[in-house]
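In what follows, a single structure is set out as structure tokens and then discussed.
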Amino acid sequence: MKLVKQTGFFIAAAMIAVSCGKPGETVEATDAVEVGESTGTTLTIDAATSKVNWRGYKPAGEHYGYIPVTSGELTVDGDAITGGKFVFDIPGLKIEDIEESDENYGKLYGHLQSADFFDAENHPEAEFEITSIEKYGSSDSIEDKEEFKTDNTPKKDSELIDGTPTHWVSGNLKMRGKNKNIKFPAVVSVANGTVSAKAGFNINRTDWGLSYGDESSVTDKAKDQFIYNTVSVKLDIKAN
């Protein structure tokens with residue numbers, strides 16, 4: 001395992017994604033941060049109950065589902081998390097707004113796995129490795145990004161987290177061969193040998209090369225010929 005560096009606290013997230021220069025700024029991705037050695041007790045991620053939920057948007061609608069966590073661990077020293085790493089299974093991605101028996105499920109699944117999006121053939125796994133954790137201050141806040149308004153405008157960062165944040169979590173998210181540091185608010189609980197962490201935030205998919213239908217290349221968004229670059233991510237992690 002690797003140790004969380006204090007310098008990571010000041011790295012300015014986004015997925016499937018998200019970094020924040022300081023509390024109160026819009027979440028966005030930055031360069032990956034070096035990770036050091038960690039101390040404490042290593043807990044194993046409960047893969048059966050841990051997953052990352054995703055939601056993508058376009059003017060004509062939205063799709064959502066989850067990506068399973070296949071393995072991972074957290075290092076805990078007392079009631080503090082000092083490190084952690086999780087692995088996500090891209091081919092295991094599930095779509096929850098379409099029945100699997102529907103032919104459109106297979107079409108969308110195949111497109112998401114293709115080089116237009118995750119390029120799962122070459123990059124079947126995504127990884128997230130913690131680089132720092134700090135307390136969420138009473139005066140901290142998230143500044144919501146302005147989005148082009150449609151019937152399916154992406155959810156705001158401030159709407160995505162369930163509960164009152166307790167910590168800022170920073171880490172390197174590696175996806176489709178690109179490694180970016182992200183930072184996001186989370187509700188973290190450490191008690192009796194069990195750790196739970198829940199978070200919700202937005203990422204800009206194009207930071208990891210998922211550029212199909214990039215909205216920035218559309219000259220007339222009124223034609224609805226784009227997919228929002230913003231993807232909402234909700235993490236639900238448990239370790240024992």
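Computed extension length for Ser71-Ala47: 8.0 nm, one decimal, from 0.36 nm per residue of separation with the Cα-Cα distance subtracted.
In the stretch 96-196, which trypsin sites (Lys or Arg not before Pro) fall in coil by DSSP and have 12 or fewer other Cβ atoms within 10 Å? Answer in residue order: Lys149.
Accessible area per residue for the stretch 66-218 is 47 Å², calculated with a 1.4 Å probe on protein heavy atoms, without ligands, DNA or RNA.
A cut-off under 12 angstrom between Cβ atoms defines the neighbours of Ile237, and their net charge, with Lys, Arg +1 and Asp, Glu -1, is +2.
The heavy atoms of Thr219 offer some 140 square angstrom of accessible surface to a 1.4 angstrom probe. Under the combined filter of DSSP loop state and at most 15 neighbouring Cβ atoms within 10 Å, the stretch 71-124 retains these GluC sites (Glu not before Pro): Glu96, Glu99, Glu100, Glu121. The fraction of accessible area contributed by carbon and sulfur in the chain is 46 percent, rounded to a whole number (1.4 Å probe; ligands and nucleic acids excluded). When its C-alpha radius of gyration is set against 2.2 N^0.38 Å (N residues), the stretch 64-205 gives a value of 1.17.
Rolling a 1.4 Å probe over the protein heavy atoms leaves Thr41 with an accessible area of roughly 90 Å². At the listed q of 0.23 Å⁻¹, the Debye profile of the stretch 56-113, built from one uniform point per Cα, gives log10 I(q)/I(0) equal to -0.92. Among the listed pairs Lys107/Lys135; Lys85/Lys149; Lys156/Lys180; Lys51/Lys180, those whose Cα-Cα separation exceeds 31 Å are Lys107/Lys135; Lys85/Lys149. Computed from Cα atoms alone, the Kirkwood hydrodynamic radius reported for the chain is 18.0 Å.
The values are calculated or read from the model by the stated rules, or taken from the named source; none is laboratory data. Computed from a prediction, not measured in an experiment: that's the story for all the values here. Using ideal geometry, Cβ is built from the backbone for each residue, glycine included, and neighbour counts are taken over all protein chains shown. To get the accessible areas, we keep the full protein, side chains included, count just its heavy atoms, and leave off ligands, DNA and RNA. Shrake-Rupley method; radii C 1.70, N 1.55, O 1.52, S 1.80 Å.
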